[in-house]
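Read-outs throughout are calculated quantities, based only on the coordinates presented, and are distinct from any laboratory measurement. Everything numeric in this text was worked out from a predicted model, so none of it was measured. Every residue, glycine among them, receives a Cβ derived from its backbone with ideal geometry; neighbour counts consider all protein chains shown.
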Amino acid sequence: MMKVRITAVVTALVCLLLPAAGQAASVLAQLDAANKAFAKAIMAGDIDYLVNDYTDDGCIIAPQAPLTCGKDAIRPFWESVVGSKPMNVELITQSAEQEGNLAYATGELIITDAESNTHKSRFVLVFKRVGNAWKLHVDSWTPQ
């Protein structure tokens, strides 16, 4: 009888945990795809894509830069980055989790600048679901 109860409890726990694990993998895949599209937009110089990837009140917390919030302030930030003509931008999403309409991702940012210097940073991104899309709500990174 005890063995049956233990088996039932283990089965119930597995059933509860599997959807959560699947959801974590799903949000990781979604945010990784969003990050790869963002890096591609930087390389393509697509300022409109970059700006529209943020929530209306989204913020950038960048090293050695003032807090930049709202799409009107975000646009010149990305114009400056794109204007610096990076040779390569890579966002490697290492982890992600979701809770309701908010999710976060952590990972590594690697930028090769116009002079072929490589700059590595770690990032924490907070995304907010707007309609059916994940939009950047807080974009923050720190050099390694």
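Per the listing Val89, Val51, the residue uniquely surrounded by 13 or more Cβ atoms within 10 Å (Cβ to Cβ) and part of a strand (DSSP E or B) is Val89.
Taking segment 97-144 as the region of interest, the strands (runs of 3 or more DSSP E) fully inside it that hold 3 or more residues being touching a Lys or Arg at 6+ places or on another chain (Cβ under 7 Å) are 102-112, 133-143.
The number of residues in segment 54-86 that are out of contact with any Phe, Trp or Tyr (no Cβ under 7 Å at 6 or more places or on another chain) and assigned to a strand (DSSP E or B) comes to 8. Condition check for Ala133 on (1) closer than 18 Å to Ala41 by Cβ; (2) over 11 Å from the mean Cα position of the chain (by Cα); (3) surrounded by 14 or more Cβ atoms within 10 Å (Cβ to Cβ): one failure, at (3).
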